[in-house]
Amino acid sequence: MPEDDLADEASHLTIDGDNPNGDDIGFAAKRLAHEARKTLSSGGGSRGIRDVTQEFAAAAKLLQPGQLVKDEYFTLFEAVGALEIMDPKMDSGYVPPGDTLEPDFDVCKGLPAEQVLWIMDELLRLTAVWHDGYPLSQTIFTSLHVDRLLSPDNRPPYHLFYGDTALLVMTTEQRLVHIVLRAYCIALVKSCALVLHTIQSQNFYEEEDFVTHLFGRELLPSTGANDAVKLIDEAVKFLDGADVDKVMRTALLERLQFARTYISLLVSDSADWNTLAAMGRSAETHKLAQPILEAFSDKVQRQLATSTPPRPMIIISWDEALERWKAICADIVEADRLTCFDVCQSPHALHRAIWAFAYREPQPNTFARAYLQTILFASEQITEGMAFFDLMLTDMRDLVLAGDVLVDPHSFLVEIPSDPRHKCSRIVETFMDKAFDEYMNLYRMVCQNRCRIRRTFTQSVAIFDSLETEAMRTDAELDGITPGIVLAGEDGPGNVTLTPLTSWVKYYKLQTMAWTIQLGFETDIYLPHELSMMYWYLMVFARRERKLLEHIERFLAARQKTFVSSRDARQDDEAAASQEWLAVLHKQADFTALLSSALWQVSELLMTLCILQPAKRDYAQEQLLYDVRMKSYLGIAHDPIPTLEEYKSATQSDRSIEDTCNNINGTIADAKSCLAYMKKTTPEQGKYIGTGEQWKREIKQLETTCVAVAVQTSQLRRVADKHGKLLGAPRDQSLKGAVEVSIPPAGSRYHDWWVVPQIREKKT
Amino acid sequence: MSGTSKNAAIDGPSENAPPPKFNGELNVHYISYGSEKESSYLPAIRQLISKDLSEPYSIYVYRYFLYQWGDLCFMALDEDRNALLGVIVCKLEPHRGGPLRGYIAMLATRSEYRGRGIATKLVRLAVEKMIEKDADEIALETEVTNTPSLRIYENLGFLRTKRLHRYYLNGSTAFRLLLYLKPGIPFKPTFPPEFPAGYGEGHGQISQDGQGSVDEQQVERQVARMGIEEDVYGERFDVTGQ
């Protein structure tokens, strides 16, 4: 900000409240402006301390208690970031009486091998904690050796000692510090820089996922990764000939090798992270290390630039740290496997792969998720020969237009302007441009934390809806050039066309809507009394998706009839593969509709019988609760969601408990047969190449869920029977007090997307 | 609010053993903070709220709310001993240029006096006042593990709208809770947040110098930044508003 404007701004500070000392305040403000100008024009200024107590006290005396000098742009954000100087809870520069500003430790002194080993392991532990999302100021920067290397007073080549007092003749212990420990520290710091670069070039959420703050320090900018590796190699050479105990030497070499492998992996595109995982052997020699706690200190935070105080830290043990490292390596290896060439040929398979990655236990950390995003999005293409454009086109082809010339890649190469293929291709390209961001988000956002996946998708719904308008317009334009197949209407009189782009957008819109509900169950967004309504809506969305798929399948069948049999086997293969896959999607939508129907009926029954009841809620109004809950879906213009009234009129509270239970059981039986079908589906048919294990596991979880629903239903039936209420209308009954219900929290469900209420008879 | 769990003071006990529950007769008197900016209660309010938090807010945070919305702050006092038993701090302003949103920023009850409905009463007073001032909706955040707090609000009609991953400085996750007071709120137009939710062509979330990425706060900061930039380009801004 230009200096004069800052001074000008200072002179425009306003005063709130009464103003009896108007002139004095005006004077004080002008003086402040003058001082500001002077300070800024004195050429940057030098570091030093100046006691302003007298001036400050004199200025403060000019204000009455209750008078506030408030800049218009001093926001809540600024207020929360403000700190009170000398309050130890806020002022991290505060030095308690009797304490020293800086830690009292000579980083240049020589150390025995056991202590150097401990420092190296401690840094390894702290790096694992940093990976978990804790700031550098409380992890790696607390190492006094690292602090010295990164000190603003230090210069390349970043030695621990300053100036010319280089220790030309060093003892072994000094060399262990200045050659071995130094090389290790430099390699770890450069590795941090590489990790940060990966994370910051992709999507993540600051503070939620990771803290990228460097606190005013630079990460050895004049030293490259290759320089760091060279230093490690020199250190290894030194150790090989050094006068050090054999076991210690091996231990130290292991640490150096770890650091070397780590940084090499970060620099190289195609390297095996399994090699790093194999270094878990380091655990055994750790017990030989001798703690030297003075080599680390929180006092470094006093000199780091920050606007937040230190946060509460987790303490993880050495063993836990090693587990973290192993998990990071395993995740990276899996990320490579899941995005292999074969998987990337199918957008849907890739999609499944990303979801599978996101749902690994424990969830991959920010770096691993950024690594996956880098593989897919860092270059212009998903994989060799599959540009983003190709991915999207293949998606359209697989889902709605298999075998159709409209999305045949060759159509896009036709150059004759009058050729309908050329015209249509340009129109399709324009549409794809518009849909591009939101389509890629379907992949990218699954790499974020679970809460953010849901939050993004709730926003995507509205975007897909407006894309649908665009799609409808585009479909009409395309139909004008190359009329599509016309079939008799599915519901009423009149004819219908495929409207391929509209169908494509609709599919993802419905899928996203379903995901927001499923993720809502997973993240405990819905209260127990909301289960009924949310399952009902999930059922509605799934049924709509099924209907849409039927519409697409009809037109695929009609299109297949138009294929000239002698011509192109490719067309037939493409259409056949699409047909098989659509059948699988159809079954999946069916399953979701059935299971949600069953759970809707269960939840509703529990409510009608007064077993599950919301609290009194004085400030709640039914329609307004509905508005809060369904807000993301209310703006949908195309196929608006059913209203609250429509939901209420779908109630089954007239049906007897016995009939409802029978119906639920029938629904569950149908759901199970869907699962049986999916069990027999091959990876090619279901497009789950690369995620076979996850496919099987999920089916198992869903089977268990179905069984659980049946079990709880029979529980309820048994109790109702016992009280003689099996046959009457539930609306007139109550089992309140006879039954208690509990809702399993996420993490203890058979499948986290499905909440099965646990029903228990209350013992009298 | 981000930073720390503002409802920490109605959480379970803090690190040290909590003082024993007060079991005697209690005469609780509820009053509004009112329009006196530097009320004599301010130090007690600060002390009560910061007591169980891992790091306190500066005086500016309290002034931000109490100077502008002193009538939305309510205190529970022990009438006999004139001690502060509980406090609620709120604000009320248009949310992104759209609905008038009440926001409950802080709620605290002294641990010895919990379980008596004081917190619920304070929330009711605040909600009633906001309704009186024509609020369209009321929002707040609270830790996912803060069951007493969740129960208070959900028993009044609040619903969970979002889960906020690692929202607080100590890494705990929060729920956003929302209560609509009037119909038609979802259809009231609002400005989008200045920093969109982070998706786009491979750009990471912009680092906010250590602060949490709370929508509310990000908007205000960006609005503030925009204002300053106008100033730089020579427009004289009269901050006294005359």
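Every residue, every condition in (1) over 33 Å from the mean Cα position of the chain (by Cα); (2) of a type in the set (A, V, I, L, M, F, W, C); (3) not in a helix (DSSP H, G or I), yes or no:
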site	(1), (2), (3)
A:577	no, yes, no
A:587	no, no, no
A:596	no, no, no
A:602	no, yes, no
A:607	yes, yes, no
A:615	yes, yes, yes
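May I ask you to list the residues in the stretch A:288-315 that are more than 14 Å from chain B (Cβ to nearest Cβ) and under 14 Å from residue A:142 (Cβ atoms)?
Just the residues of the stretch A:288-315 that are more than 14 Å from chain B (Cβ to nearest Cβ), to begin with: A:288-300, A:302-303.
Scanning the stretch A:288-315 gives A:292, A:293, A:294, A:295, A:296, A:297, A:298, A:299, A:300, A:302, A:303.
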Scanning the stretch B:145-179 for residues that are among the small types (Gly, Ala, Ser) and more than 16 Å from the chain's Cα centre (by Cα), the one nearest to the other protein chains (Cβ to nearest Cβ) turns out to be B:157
Within the stretch B:85-112, which residues are crowded, with 21+ Cβ neighbours inside 10 Å and more than 22 Å from residue B:186 (Cα to Cα)? B:85, B:86, B:87, B:88, B:89, B:90, B:105, B:106, B:107, B:108, B:109, B:110
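For the stretch A:72-95, which residues satisfy the criterion of being acidic (Asp, Glu) and surrounded by fewer than 16 Cβ atoms within 10 Å (Cβ to Cβ)? Walk me through it before giving the result.
Our first condition is that a residue be acidic (Asp, Glu); within the stretch A:72-95, this holds for A:72, A:78, A:84, A:87, A:91.
Matches in the stretch A:72-95: A:84, A:87, A:91.
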Identity of the residue in the stretch A:670-708, among the hydrophobic types (A, V, I, L, M, F, W, C) and in contact with a Lys or Arg (Cβ under 7 Å, 6 or more places away or on another chain), that ends up surrounded by the most Cβ atoms within 10 Å (Cβ to Cβ): A:706
Please give the number of the condition residue A:655 fails out of (1) surrounded by 14 or more Cβ atoms within 10 Å (Cβ to Cβ); (2) out of contact with any helix residue (DSSP H, G or I) (no Cβ under 6 Å at 6 or more places or on another chain); (3) at pLDDT 95 or above. (3)
Does residue A:162 satisfy being touching a residue at least 12 places away in the same chain (Cβ under 8 Å) and hydroxyl-bearing (Ser, Thr, Tyr)? no
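Looking at A:711, A:756, A:741, A:719, which one is among the hydrophobic types (A, V, I, L, M, F, W, C), under 16 Å from residue A:664 (Cβ atoms) and loosely packed, with under 15 Cβ neighbours inside 10 Å?
On the way: A:756 fails: loosely packed, with under 15 Cβ neighbours inside 10 Å; A:741 fails: loosely packed, with under 15 Cβ neighbours inside 10 Å; A:719 fails: loosely packed, with under 15 Cβ neighbours inside 10 Å.
The conditions single out A:711.
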Is it true that residue B:135 is more than 10 Å from every other protein chain (Cβ to nearest Cβ), buried (at least 22 other Cβ atoms within 10 Å of the Cβ) and closer than 27 Å to residue B:22 by Cα? no
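Which of the residues spanning the stretch B:18-77 are part of a loop (DSSP other than H, G, I, E, B) and basic (Lys, Arg)?
The initial filter retains those residues of the stretch B:18-77 that are part of a loop (DSSP other than H, G, I, E, B), namely B:18-27, B:33-41, B:52-58, B:69, B:73.
Listed by number, the residues that qualify are B:21, B:37.
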Go through the stretch B:146-171 and give me each residue that's touching a residue at least 40 places away in the same chain (Cβ under 8 Å) and surrounded by fewer than 18 Cβ atoms within 10 Å (Cβ to Cβ). B:148
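Residue A:619 - would you say it is in a loop (DSSP other than H, G, I, E, B), aromatic (Phe, Trp, Tyr) and within 14 Å of chain B (Cβ to nearest Cβ)? Break it down stepwise before answering.
Values: in a loop (DSSP other than H, G, I, E, B): yes; aromatic (Phe, Trp, Tyr): yes; within 14 Å of chain B (Cβ to nearest Cβ): yes.
Taking the combined requirement at face value, the residue satisfies it.
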Report yes if some residue within the stretch A:171-182 is under 18 Å from residue A:266 (Cα atoms), β-branched (Val, Ile, Thr) and more than 14 Å from chain B (Cβ to nearest Cβ); otherwise report no. no
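Just to be sure, is residue B:182 more than 15 Å from the chain's Cα centre (by Cα), more than 8 Å from chain A (Cβ to nearest Cβ) and under 22 Å from residue A:622 (Cβ atoms)? Full working, then the answer.
On the way: more than 15 Å from the chain's Cα centre (by Cα): yes; more than 8 Å from chain A (Cβ to nearest Cβ): no; under 22 Å from residue A:622 (Cβ atoms): yes.
In short, no.
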Sole exception among (1) within 17 Å of residue B:156 (Cβ to Cβ); (2) outside any strand (DSSP E or B) for residue B:115, by number: (1)
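Among the listed residues A:264, A:317, A:270, A:282, identify the single one that is at pLDDT below 85 and within 27 Å of the chain's Cα centre (by Cα). Break it down into steps so the answer makes sense when it comes.
Numbers: A:264 fails: at pLDDT below 85; A:317 fails: at pLDDT below 85; A:282 fails: within 27 Å of the chain's Cα centre (by Cα).
Testing whether each residue is at pLDDT below 85 and within 27 Å of the chain's Cα centre (by Cα) leaves just A:270.
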Hits in the stretch A:542-573 - residues which are surrounded by 19 or more Cβ atoms within 10 Å (Cβ to Cβ) and of a type in the set (D, E, K, R): A:544, A:545, A:546, A:559
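Please tell me if residue A:197 is over 14 Å from residue A:146 (Cα atoms) and outside any loop (DSSP other than H, G, I, E, B).
On the way: over 14 Å from residue A:146 (Cα atoms): yes; outside any loop (DSSP other than H, G, I, E, B): yes.
Yes, satisfied.
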Pairs under 6 Å by beta carbon, first residue without any contact (Cβ under 8 Å) to a residue 40 or more places away in the chain and over 18 Å from residue A:355 (Cβ atoms) in the stretch A:446-466, partner part of a helix (DSSP H, G or I) and of a type outside the set (Lys, Arg), six or more apart or different chains? A:463/A:438
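Is it true that some residue in the stretch A:132-146 is among the charged types (D, E, K, R), outside any loop (DSSP other than H, G, I, E, B) and modelled with pLDDT of 90 or more? Working first, answer last.
Kept after step one, since they are among the charged types (D, E, K, R), are these residues of the stretch A:132-146: A:132.
When the remaining residues are screened for being outside any loop (DSSP other than H, G, I, E, B), the result is none.
Taking every residue of the stretch A:132-146 in turn, none turns out to be among the charged types (D, E, K, R), outside any loop (DSSP other than H, G, I, E, B) and modelled with pLDDT of 90 or more.
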Pairs with Cβ under 8 Å, 6+ apart, first in the stretch A:286-299 and within 15 Å of residue A:101 (Cα to Cα), second of a type in the set (Phe, Trp, Tyr) and in a loop (DSSP other than H, G, I, E, B): A:294/A:105; A:297/A:105
Looking only at the stretch B:99-118, how many residues end up being free of Cβ contacts under 8 Å to residues at least 40 places away in the same chain and over 17 Å from the mean Cα position of the chain (by Cα)? 1
Sole residue being among the acidic types (Asp, Glu) and at pLDDT below 95, chosen from A:208, A:218: A:208
How many of the residues in the stretch B:97-145 are touching an Asp or Glu at 6+ places or on another chain (Cβ under 9 Å), closer than 19 Å to residue B:68 by Cα and among the charged types (D, E, K, R)? 3
Quick check on my filter: what residues within the stretch A:622-632 are in contact (Cβ under 8 Å) with a residue 60 or more places away in the chain and at the interface with chain B (Cβ under 7 Å from one of its Cβ atoms)? A:629
Check A:216, A:241, A:224 and return the single one that is within 14 Å of chain B (Cβ to nearest Cβ) and surrounded by fewer than 24 Cβ atoms within 10 Å (Cβ to Cβ). A:216
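Quick check on residue A:676: is it within 30 Å of residue A:721 (Cα to Cα) and away from chain B (no Cβ under 14 Å)? Break it down into steps so the answer makes sense when it comes.
On the way: within 30 Å of residue A:721 (Cα to Cα): no; away from chain B (no Cβ under 14 Å): yes.
No: the conditions fail for residue A:676.
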Exactly one of (1) within 12 Å of chain A (Cβ to nearest Cβ); (2) more than 14 Å from the chain's Cα centre (by Cα); (3) touching a residue at least 12 places away in the same chain (Cβ under 8 Å) is unmet by residue B:38. Its number? (3)
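The values are calculated or read from the model by the stated rules, or taken from the named source; none is laboratory data. Note that the structure is predicted; figures quoted are calculated from it, not measured. Don't worry about glycine lacking a Cβ; one is built from the backbone with ideal geometry, like all the others, and counts go over all protein chains shown.
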